[in-house]
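For reference, the structure is listed below as structure tokens.
The values are calculated or read from the model by the stated rules, or taken from the named source; none is laboratory data. Just so we're clear, the structure is a prediction, and the values are computed from it rather than from any experiment. Methodologically, a virtual Cβ is constructed for each residue, glycine included, from the backbone with ideal geometry; neighbour enumeration extends over all protein chains shown. What goes into the accessible areas is simple: the full protein's heavy atoms, side chains included, and nothing from ligands, DNA or RNA. Shrake-Rupley method; radii C 1.70, N 1.55, O 1.52, S 1.80 Å.
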Amino acid sequence: MRSIACLSVAILGVVAAACAQPAPPPPAPAQPDLAVEERAIRDADARWLKANQARDAAAEAALLASDAMVFREHVDPIAGPAAYQAFEEKFFKDNPKSGGGWTTDTITVARSGDIAVQTGTFNATGLGPKGDGKDAGTFVTVWKKTDGAWKVAYDISASTMPEPAKK
């Protein structure tokens, strides 16, 4: 009788252990739709280009993250939206006939969906006080998603124009 009771307790223990499976792991977070994120970056970049062509430095600066860094030739790094706005306002004043734009070659969104790299080319005409200068080159822009919106984290441009001949 005692062995039947022990066997019953053992069977109950095995059944209880089998029923006490650990809870399944929580479902993995949904992966971002990278095509949707790329489209959002292209839309933000189009707003930036439109603001640049309208010479609206404030609208341009609004597209930068609060800790953004912008690198332009022959000047110290430009840190943050306020400094960028001041830089652009001075640029527009010093180059009253300036125009131009840029074209995107690639946008690569990280699988995490919160950072992306854009590459492309730029051109500028009407540079200088007389408006007879021009420039062209390449750029790299790093975008980051901040509070659900894509903002510029880093923007780096480099001229590909030949250096002026030394006199």
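Give the carbon-plus-sulfur fraction of the accessible surface of the chain in %, rounded to a whole number; probe 1.4 Å, heavy atoms of protein chains only. Show your work: numbers first, answer last.
Working: 6790 of 10950 Å².
Carbon and sulfur atoms account for 62 percent of the accessible area of the chain.
Considering only G100, T146, Q85, whose Cα is most displaced toward the positive end of the charge dipole of region 34-167, charges sitting on Cβ of Lys, Arg (+1) and Asp, Glu (-1)?
Going by the Cα projections, it comes out as G100.
Report ³J(HN,Hα) in whole Hz for each residue of region 143-157, in order, from the Karplus equation J = 6.51 cos²θ - 1.76 cosθ + 1.60 where θ = phi - 60°; Gly and Pro get x.
9, 9, 8, 10, 6, x, 10, 7, 10, 6, 9, 9, 9, 10, 10
Among the GluC sites (Glu not before Pro) within region 35-113, which fall in a DSSP loop and have no more than 12 other Cβ atoms within 10 Å of their own Cβ? List each step's numbers first, then the result.
Values: sites: E37, E38, E60, E73, E88, E89; in loops: E73.
Loop-located and lightly packed - E73.
If the cut-off is a Cα-Cα distance under 21 Å, which lysines reach K144, setting aside same-chain residues fewer than 8 apart in sequence?
K50
Between rounded, prolate and oblate, where does region 34-128 land on the alpha carbon gyration tensor, with a ≥ b ≥ c its root eigenvalues, rounded for a/c under 1.5, else prolate if a/b exceeds b/c? Show your work: numbers first, answer last.
Details: a/c = 2.03, a/b = 1.59, b/c = 1.27.
Taking the square roots of the gyration eigenvalues as a ≥ b ≥ c, region 34-128 is prolate.
Along Cα→Cβ, 7 Å out, is where each label goes; now give me the distance between the ones at F92 and T125 in nm to one decimal.
Taking the simple label geometry, F92 and T125 are separated by 2.0 nm.
Can you pull out the chymotrypsin sites (Phe, Trp or Tyr not before Pro) in region 103-153 that DSSP calls coil and that have at most 11 other Cβ atoms within 10 Å?
Numbers: sites: F122, F139, W143, W150; in loops: none.
Loop-located and lightly packed - none at all.
Given the rule -39500 (n - 2.57) for each run of at least 4 DSSP H residues, summed and divided by the residues of the chain, what is its mean residue ellipticity at 222 nm, to the nearest 500 deg cm²/dmol? Spell out each step's value before the answer.
Details: 4 runs with 58 residues, N = 167.
Mean residue ellipticity at 222 nm (helix-derived): -11500 deg cm²/dmol.
Lysines within cross-link reach of K134: Cα-Cα under 17 Å, excluding same-chain residues under 8 positions apart?
K93, K97
What accessible area per residue, rounded to a whole number of Å², is obtained for the chain using a probe radius of 1.4 Å?
I get 66 Å² per residue for the chain.
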